1. Using the Cβ atoms and a cut-off under 13 Å, what net charge is assigned to the surroundings of Gly58, where Lys and Arg are +1 and Asp and Glu are -1?
2. I'd like to compare 61-69, 12-20, 49-57: which one has the highest average count of other Cβ atoms within 10 Å, and what's the full order after that?
Amino acid sequence: MNVRLTYRCDCVSLTVADDGCGMQQNSGPAGSGYGMQAMRWRSEAYGGSFSATAAETGGTVVRATLSLLQHR
C-alpha cells in the first residue's frame, strides 16, 4: 500500500494505491452502498475532484483533490 499526501499553495491531494486484486465490478447490487459516491460528493462540494481507477500493475488507485483557494 502506498499513501501520498501532496500539499500545494492551491490544493491538497490524497492518493492511496494498493497492489491487490482491484475493485470488484459486481461486488453487490448497484446502489447498495454510498462509500465511493459519498467521497466523490464530498470532494466536489469543496471544489475538488475524486477518482478511483484500476492501477496499471493491478490493484486500485484512489485520489481526492481539494481546492484550498475556494475557502480562504
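1. Residues close to Gly58 contribute a combined charge of -3.
2. Listed from highest to lowest mean packing, they are 61-69, 12-20, 49-57.
Only the coordinates and a few stated rules stand behind these numbers; no lab work does. All values derive from a computational prediction rather than experimental measurement. Positions of Cβ are generated from backbone atoms using ideal geometry, with glycine treated the same way; all protein chains shown enter the neighbour counts.
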